[in-house]
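Visitor: Shown below is the structure under consideration.
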Amino acid sequence: MNESTMKELMNRIETENIPMNVAFEVTYKCNLHCVHCYQESQAEADLTTDEIKFIIGQLADESCMNLVITGGEPFTRTDIFDIAEYAIAKGFLLTFLTNGTLIDKHIVLWIKALRRADLQISLYGTTAEKHDTITQCSGSYERTIETVRLLHQEGIPFHVKTPVLSLNIHEIRDIIEFCHKLGIKHYHDPMLIPTTKRNKRPLKYRLSDEDLRAYLEMDLTDVRRRKDIWRHWINQIDKMTAYKAGMCGAGRRLACISASGRVYPCNSLRLEAGNLRLADFHSIWHESPLLKKLRSLTGAEFAQCNKCRFMLLCERCPGQAYLEHGDMLKPPIEYCRFNQMIYDVITSEG
Ligand SMILES: C[S@@+](CC[C@H](N)C(=O)[O-])C[C@H]1O[C@@H](n2cnc3c(N)ncnc32)[C@H](O)[C@@H]1O
Ligand code: SF4
Ligand code: SF4
């Protein structure tokens, strides 16, 4: 794709609100019980195979291109192969978010044959003791690591993702080194969110101030990159309130579909736009009063953030704000804490 076609496409995505990326939570079920998990158990039944295929067809009609298949654990569904092959035939690029424990050699070869699928595997430590403490499932570490090795052997595109919790902060370097030695892409993220029902129980695993500071002082690539951006702008920081906070792509380029067919602007912003068991995606996406309202936000509505000196450097997440306060326009406090800490660390480095 040349540059002008790319620009034209980006312009269409923005102006016509094309849902390019959709996270599809194909099941509420999971074989693990991670201590920090944001998913809540639900009484509602998962969508059937036919319902999912029907929705995938509707997403294709809306020019959606990237499907993130998540859950729960997507590989607990025995029809996941049928669903994924259907999506590939419809032209989608797939990314599976998975704990990797249910993937064997046979499934790895199936993924390889799909050719248009990528994976994100969650890993919490480099020892069974650490990883299994977080997943609350003994044997999960061995199974996840075996999948990582198989995917690597077969040359399948994937990366390892590590949420950084108070329980595994001291393992981060070891996980990075393990991935680095094998040449596997890795990223880590210390932003923990409340559950989908706004329960704060996962937040007790957020890093303490002391650990967050230690994390920001480590020489880790992702942290270094962020700090470089801050260093570049730090002398300008007090002039930054001239800018207004903006809304992210949620409900414009992004959507999330729950395992029972509820449509949300993204997987954190759990405000329901509609239910695919009652209406089609086209009408929800174009007619939902919630989505219309989201798309009409100008930035002036983020009143508190607009007064903040860190605003321009802040990656504030309206979904996180909603889960924390029940109000997406308020500042998500974990971002405020993170930004203050990154500022303190940089300024104390001189
Ligand atoms: C909800 S899981 C679903 C896919 C799959 N079961 C897995 O664990 O990868 C997707 C990702 O969200 C992360 N996650 C779970 N709860 C979280 C929370 N409260 N805050 C931030 N990330 C969380 C998981 O660690 C995992 O990497
Ligand atoms: S494996 Fe994924 S869905 Fe299952 S409990 Fe862990 S984070 Fe949640
Ligand atoms: S989230 Fe917090 S740090 Fe970020 S702009 Fe808003 S008030 Fe400032």
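The values are calculated or read from the model by the stated rules, or taken from the named source; none is laboratory data. Predicted, not measured: the structure shown is a model, and the values here were computed from it. Please note: Cβ atoms are built from the backbone with ideal geometry, for glycine as well, and neighbour counts cover all protein chains shown.
Visitor: Among the residues of segment 292-333, write down those that are crowded, with 22+ Cβ neighbours inside 10 Å, of a type in the set (A, V, I, L, M, F, W, C) and within 16 Å of ligand 1 (Cβ to nearest atom).
Guide: Listed by number, the residues that qualify are Ala321, Leu323.
Listed here are the residues, each with its yes/no results for (1) within 30 Å of Glu210 (Cα to Cα); (2) more than 16 Å from ligand 2 (Cβ to nearest atom); (3) of a type in the set (A, V, I, L, M, F, W, C).
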{"residue": "Arg252", "(1), (2), (3)": "no, yes, no"}
{"residue": "Ala259", "(1), (2), (3)": "no, no, yes"}
{"residue": "Arg277", "(1), (2), (3)": "no, yes, no"}
{"residue": "Trp285", "(1), (2), (3)": "no, yes, yes"}
{"residue": "Phe310", "(1), (2), (3)": "yes, yes, yes"}
{"residue": "Gln320", "(1), (2), (3)": "yes, yes, no"}
{"residue": "Lys330", "(1), (2), (3)": "yes, yes, no"}
{"residue": "Val345", "(1), (2), (3)": "yes, yes, yes"}
{"residue": "Glu349", "(1), (2), (3)": "yes, yes, no"}
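Visitor: Filter segment 222-253 down to the residues that are touching a helix residue (DSSP H, G or I) at 6+ places or on another chain (Cβ under 7 Å) and of a type in the set (Gly, Ala, Ser), then identify the one that is surrounded by the most Cβ atoms within 10 Å (Cβ to Cβ).
Guide: Filtering segment 222-253 for residues that are touching a helix residue (DSSP H, G or I) at 6+ places or on another chain (Cβ under 7 Å) and of a type in the set (Gly, Ala, Ser), the one surrounded by the most Cβ atoms within 10 Å (Cβ to Cβ) comes out as Gly251.
Visitor: Of Cys256, Cys266, which residue is within 16 Å of ligand 1 (Cβ to nearest atom), part of a strand (DSSP E or B) and either at pLDDT 95 or above or among the aliphatic types (A, V, I, L, M) (or both)?
Guide: Details: Cys266 fails: part of a strand (DSSP E or B).
One residue alone meets the criteria, Cys256.
Visitor: Now a separate question. Quick one: how many residues across segment 23-81 are in a loop (DSSP other than H, G, I, E, B), touching a Phe, Trp or Tyr at 6+ places or on another chain (Cβ under 7 Å) and β-branched (Val, Ile, Thr)?
Guide: Result for segment 23-81: 1.
Visitor: Okay, moving on. How many of the residues in segment 334-350 are surrounded by fewer than 18 Cβ atoms within 10 Å (Cβ to Cβ) and either under 24 Å from Thr195 (Cβ atoms) or not β-branched (Val, Ile, Thr) (or both)?
Guide: Within segment 334-350, residues that are surrounded by fewer than 18 Cβ atoms within 10 Å (Cβ to Cβ) and either under 24 Å from Thr195 (Cβ atoms) or not β-branched (Val, Ile, Thr) (or both) number 9.
Visitor: Might you check whether a residue that is within 16 Å of ligand 1 (Cβ to nearest atom), farther than 21 Å from Ile145 by Cα and not in a helix (DSSP H, G or I) occurs anywhere in segment 84-102? Steps first, answer last, please.
Guide: Taking segment 84-102 as the starting set, the residues that turn out to be within 16 Å of ligand 1 (Cβ to nearest atom) are 84, 94-102.
Keeping just the survivors that are farther than 21 Å from Ile145 by Cα gives 84, 94.
Applying the additional criterion that residues be not in a helix (DSSP H, G or I) yields 94.
Scanning segment 84-102 turns up at least one residue that is within 16 Å of ligand 1 (Cβ to nearest atom), farther than 21 Å from Ile145 by Cα and not in a helix (DSSP H, G or I).
Visitor: On to the next question. Given the criterion at negative phi and touching a Ser or Thr at 6+ places or on another chain (Cβ under 9 Å), identify the matching residue among Leu203, Leu207. Let's see the steps before the verdict.
Guide: Details: Leu203 fails: touching a Ser or Thr at 6+ places or on another chain (Cβ under 9 Å).
Leu207 is the lone residue from the list that is at negative phi and touching a Ser or Thr at 6+ places or on another chain (Cβ under 9 Å).
Visitor: Of everything in segment 134-174, what is assigned to a helix (DSSP H, G or I) and in contact (Cβ under 8 Å) with a residue 60 or more places away in the chain? Give them in sequence order.
Guide: Hits for segment 134-174 are Ile134, Thr135, Ser140.
Visitor: Let me ask something else. Is there any pair linking a residue in segment 27-45 that is under 11 Å from Ala259 (Cα atoms) to one that is among the polar types (S, T, N, Q) and more than 16 Å from ligand 3 (Cβ to nearest atom), with Cβ under 6 Å and at least six apart or on different chains, and which?
Guide: Between residues of segment 27-45 that are under 11 Å from Ala259 (Cα atoms) and residues that are among the polar types (S, T, N, Q) and more than 16 Å from ligand 3 (Cβ to nearest atom), the close pairs are Thr27/Thr76; Tyr28/Gln42; Lys29/Thr76; Glu44/Ser260.
Visitor: Condition (residue is at pLDDT below 95 and either under 30 Å from Leu47 (Cβ atoms) or assigned to a loop (DSSP other than H, G, I, E, B) (or both)) applied to segment 282-290: is it met by at least one residue? Steps first, answer last, please.
Guide: Pass one, segment 282-290, residues at pLDDT below 95: none.
No - not one qualifying residue is present in segment 282-290.
Visitor: Check whether at least one residue in segment 199-221 is in a helix (DSSP H, G or I), surrounded by fewer than 13 Cβ atoms within 10 Å (Cβ to Cβ), away from ligand 3 (no atom under 16 Å from the Cβ) and at pLDDT below 95, and report yes or no.
Guide: Yes; the residues of segment 199-221 include at least one that is in a helix (DSSP H, G or I), surrounded by fewer than 13 Cβ atoms within 10 Å (Cβ to Cβ), away from ligand 3 (no atom under 16 Å from the Cβ) and at pLDDT below 95.
Visitor: Find the residue count for segment 183-195, including only residues that are surrounded by 20 or more Cβ atoms within 10 Å (Cβ to Cβ) and β-branched (Val, Ile, Thr).
Guide: Residues meeting the conditions: 1.
Visitor: Here are the criteria: (1) within 16 Å of ligand 2 (Cβ to nearest atom); (2) at negative phi; (3) surrounded by 13 or more Cβ atoms within 10 Å (Cβ to Cβ). Tell me which single one Gly72 does not satisfy.
Guide: (2)
Visitor: Residue pairs, Cβ under 9 Å, 6 or more apart or interchain, first in segment 109-127 and within 15 Å of Glu177 (Cβ to Cβ) and small (Gly, Ala, Ser), second within 13 Å of ligand 2 (Cβ to nearest atom) and part of a strand (DSSP E or B). List them.
Guide: Here the result reads Gly125/Thr162, each pair linking segment 109-127 to a residue that is within 13 Å of ligand 2 (Cβ to nearest atom) and part of a strand (DSSP E or B).
Visitor: Just wondering, is there one or more residues in segment 318-337 that are among the polar types (S, T, N, Q) and part of a helix (DSSP H, G or I)?
Guide: Initially, segment 318-337 is screened for residues among the polar types (S, T, N, Q), giving 320.
Applying the additional criterion that residues be part of a helix (DSSP H, G or I) yields 320.
Yes.
Visitor: Is it the case that some residue within segment 78-97 is closer than 18 Å to Ser260 by Cα, out of contact with any helix residue (DSSP H, G or I) (no Cβ under 7 Å at 6 or more places or on another chain), at pLDDT 95 or above and not aliphatic (A, V, I, L, M)?
Guide: yes
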